[in-house]
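We did not get these values from a lab; they are worked out from the coordinates using the rules stated. Just so it is clear, the model here is predicted, and its values are computed rather than measured. So basically every Cβ, Gly included, is an ideal-geometry build from the backbone, and we count neighbours across all protein chains shown.
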Amino acid sequence: MRFRLTVVYTAIFTVLLVGVTLVFRGELTSSLTEQSRDDLNQTWAAVKGFLRIEGPENHVIWYLYSDDPDDNQIKARIQNTYLITDEHGKPVEWSTNYPSLGYDSPAYVRKTLASNIPLWRVKKAGGVSYLIRSSWVINENKDHKFYVAIGVSLAPNDRLLRSFNWLSIALIPAVMILGIAAGWIVAGRSLKPVMDIAAAAQRISGSNLSLRIAERKTRDELEYLVETFNDMISRLEQNFIQVRQFSTDVSHELRTPITIIRGQLEVALLTAQTAEQYRDAIVIALGDVERLSQIVRALLLLSQAETGQVVLQLQRLDLCETARNITEQFEIPAEGAGIHISFTAAGGNCVGEFDRVQIERMLSNLISNAVKFTPPGGEIRVSIGRVGDQAEIVVADTGQGIAPEHLPHIFDRFYRVRGKEDQASPEKGLGLGLSFVNWIVKAHQGTVDVRSTQGEGTAFTVRLPFRPQAGVSDVPENTSADLIKSV
């Protein structure tokens, strides 16, 4: 590619150089010819001033003083190359070099005498070109026209053009060589980012996706290519991280239920003696299988959401009404657990663009967590209000609270804060609920904060813009309610 770019660059440069040279030579030739014509026009003005044809014999007389240097100079310029003939083309007076150019034919003489403008032609003698200006003058009696041709040698012009030609022939190859060298260097430097990208692509693997190509800050097409490549690697790195996280989560969370199921079945196989004992073992195993199914469905759902494979279904939604309805759904479970739950809606319009299914899921997860970790006699407070162009939702409880060392990890997958009394309590959930909450809030371009004090309670504060920008992701609407509750 570097060679092809150099060849194309050199070819275009050479064509342009030759074209410019030819144009310049043409302009030079035209300028020299115009200058020669101007010289002959000035000489013709002198001819008309000093030439007289007098008497019945039509004698040619030059009114020039031989003692005057200026007159001698004018006479030398006029008589350098000239011819005077009568109207029939018979030569009357001529310069010594004109016969070598060839006398003008009677037909050309008559054509000139009949013309009101001068005629121009080029003649050659001895390899030297002459520019000839032909016109006429009238004799003293004004009864006859005489043909007058004056000329100037074009040898100086030809020498200058030959010098220009040889100079061009010498310079064009030298300039081509310099162009090839410059093109090779420029092409190499221009293609260096491409080679860097290729080298980086060869070094990239699943273990070093953090590799990036240094930006050139040139704001050109190659800089855009580098930025695009780096963005692609960033997306790949994120996808690899999510895949590894998914694999780690699956292997970690599925290992225990599978071990339990296997152990239960092995014990039943070795110890069960009645159909009832076998039936109990199968029922217990089916429960663990259902838990496995919930984990797999939740992980797949969360992975699809985080990788942007689904899109939010935004619609006009009254957050106050939605939060009130979800809170009322938890009144019976809270009452059964001996917990008081309340809802408060501050003044202001809470209508905005939201996904109803995801907002309900987010509120259900937050409130269900509060119910799980609040002891009997405790209280859960759900409040919603408008703060500027955002909705603020707060779910606060008077539960056991979260230790400070756990707070940075509570939104991680499968992270659960357990006490001694619930180390083996799978009914506490899968540990994915807050991961879904975090994703739903980010998908709506909002923020979620948590404040907690051990022994006093925990408060989750969610802020959502009323008009999120387009391009956010979401899970499908047909997600089952059982899965929502299970996480």
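Let's test the formula: R0 of 56 Å, r as the Cβ-Cβ distance of Leu16 and Glu87. What FRET efficiency results, to the nearest 0.05? Before the final figure, lay out the partial values.
Numbers: r = 54 Å, r/R0 = 0.97.
So, using R0 = 56 Å, E works out to roughly 0.55.
Which cross-chain or sequence-distant (5 or more) residues have an amide H under 5 Å from the amide H of Thr81, H modelled 1.01 Å from N in plane?
Amide H neighbours of Thr81: Gly151.
Of the GluC sites (Glu not before Pro) in region 53-147, which ones lie in a loop per DSSP and count no more than 12 other C-beta atoms within 10 Å? Intermediate values should be presented prior to the final figure.
Working: sites: Glu54, Glu57, Glu87, Glu93, Glu140; in loops: Glu57, Glu87, Glu140.
Passing sites in region 53-147 are Glu57.
What's the FRET efficiency of Arg244 with Ala182 using the Cβ-Cβ distance as r and R₀ = 51 Å, to the nearest 0.05? Display every interim value, and only then the final one.
Working: r = 49 Å, r/R0 = 0.97.
Working from the Cβ atoms, E equals 0.55.
Could you pull out every residue, at least 5 positions away or on a different chain, whose amide H is within less than 5 Å of the one on Ala391? Hs are placed 1.01 Å off N in the peptide plane, and Pro or chain starts have none.
Answer set, sorted by chain and number: Leu464, Phe466.
Within region 118-133, list the residues whose amide N lies under 19 Å from a label point set 7 Å along Cα→Cβ of Thr33.
Under 19 Å, as judged by backbone N against the label point of Thr33, lie 118-125, 128-133 of region 118-133.
Which ³J(HN,Hα) values, rounded to whole Hz and listed in residue order, are derived for region 272-281 from phi using the Karplus coefficients 6.51, -1.76 and 1.60 in 6.51 cos²θ - 1.76 cosθ + 1.60 with θ = phi - 60°, glycine and proline given as x?
For region 272-281, the Karplus-derived couplings read 5, 10, 10, 5, 5, 5, 5, 4, 4, 5 Hz, x marking Gly and Pro.
Between Leu5 and Val60, what is 0.36 nm times their sequence separation minus the Cα-Cα distance? Round to one decimal in nm.
On the way: separation 55, 0.36 × 55 = 19.80 nm, distance 7.16 nm.
Full-extension gain reported as 12.6 nm.
Which one of Gly287, Leu222, Pro69 has its Cα pushed farthest toward the positive end of the charge dipole of the chain, where Lys and Arg give +1 and Asp and Glu give -1 at the Cβ?
Final value for the positive-end residue is Pro69.
In nm, to one decimal, how far is the Glu328 label point from the Ile204 one, both placed 7 Å along Cα→Cβ?
5.3
Given labels modelled 7 Å from the Cα in the Cβ direction, how far is it in nm from Arg219 to Ala114?
With each label point 7 Å from Cα toward Cβ, the separation is 7.2 nm.
Got a sec? How would Thr461, Thr453, Thr96 order by Cβ neighbour count within 10 Å, fewest to most? Intermediate values should be presented prior to the final figure.
Working: Thr461 15, Thr453 12, Thr96 9.
So the residues, fewest neighbours to most, are Thr96, Thr453, Thr461.
Provide the per-residue ³J(HN,Hα) series for region 69-78, in order, calculated from phi with Karplus coefficients 6.51, -1.76, 1.60 and θ = phi - 60°, each as a whole number of Hz, with x at glycine and proline positions.
Those phi angles translate into x, 5, 5, 5, 5, 5, 5, 5, 5, 5 Hz.
Short version: ³J(HN,Hα) in whole Hz for each residue of region 177-194, in order, from phi by Karplus 6.51 cos²θ - 1.76 cosθ + 1.60 (θ = phi - 60°), x for Gly and Pro, what are they?
Karplus-based 3J(HN,Hα) across region 177-194 equals 4, 4, x, 5, 5, 5, x, 5, 5, 5, 4, x, 5, 5, 8, 4, x, 5 Hz.
5 Å is the cut-off here: which amide hydrogens, built 1.01 Å from N in the peptide plane, fall below it relative to Ser129, excluding neighbours closer than 5 in sequence?
The answer is Leu154, Ala155.
Report the gain in length on full extension from Asp68 to Ala46: 0.36 nm times residue separation, minus Cα-Cα distance, nm rounded to one decimal.
Using 0.36 nm per residue and subtracting the Cα-Cα distance, I get 6.4 nm.
Could you work out how far the C-alpha centroid of region 20-73 sits from that of region 82-113, in angstrom?
Comparing the Cα centres of region 20-73 and region 82-113, I get a distance of 17 Å.
What is the sum of charges, Lys and Arg at +1 and Asp and Glu at -1, for the other residues whose Cβ falls under 13 Å from the Cβ of Glu237?
Numbers: positive: Arg212, Arg235, Arg244; negative: Asp231.
With Lys, Arg at +1 and Asp, Glu at -1, the net is +2.
Trp166 versus Val283, label points 7 Å from Cα toward the beta carbon: distance in nm?
With each label point 7 Å from Cα toward Cβ, the separation is 11.6 nm.
Between Leu270 and Glu227, what FRET efficiency comes out of the Förster formula 1/(1 + (r/R0)^6) with R0 = 45 Å and r the beta carbon distance, rounded to 0.05? List each step's numbers first, then the result.
Values: r = 64 Å, r/R0 = 1.42.
Rounded to the nearest 0.05, the efficiency is 0.10.
Out of these labelled values of Kirkwood radius over Cα pairs in Å, (i) 24.1; (ii) 33.3; (iii) 22.5, which was calculated from the coordinates shown here?
Given (i) 24.1; (ii) 33.3; (iii) 22.5, the structure-derived one carries the label (ii).
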